[in-house]
Amino acid sequence: MAGHPVCPDCGHRLYRHDTCNRSVKIQSAQTVVSLTIRRVHCPHCGRNHRVLPLFVIPSFQICSDTAAEII
């Protein structure tokens, strides 16, 4: 089971579900980047999760570097 993502809610193995698009604004480049985000599903608890890159903040449309500049 090593290398497989686990559900943050129940700890069981997650399986690939589908993908979705996400736009992220990068202030330093003054541009908007469109990302394809993988969604995963937990068959145990029935929840879906998005696998976000480290530079993307959940529920925000700005990257972590931009957020740090704002703060």
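Report the full-extension gain for the segment Gln30 to His12: residue separation times 0.36 nm, less the Cα-Cα distance, to one decimal in nm.
2.5 nm
I need the semi-axes of the equivalent ellipsoid of region 8-58: take the C-alpha gyration tensor, multiply each eigenvalue by 5, square-root it, list largest first in whole angstrom.
27, 11, 6
Only the coordinates and a few stated rules stand behind these numbers; no lab work does. Worth saying up front: this structure is predicted, and the values here are computed from it rather than measured.
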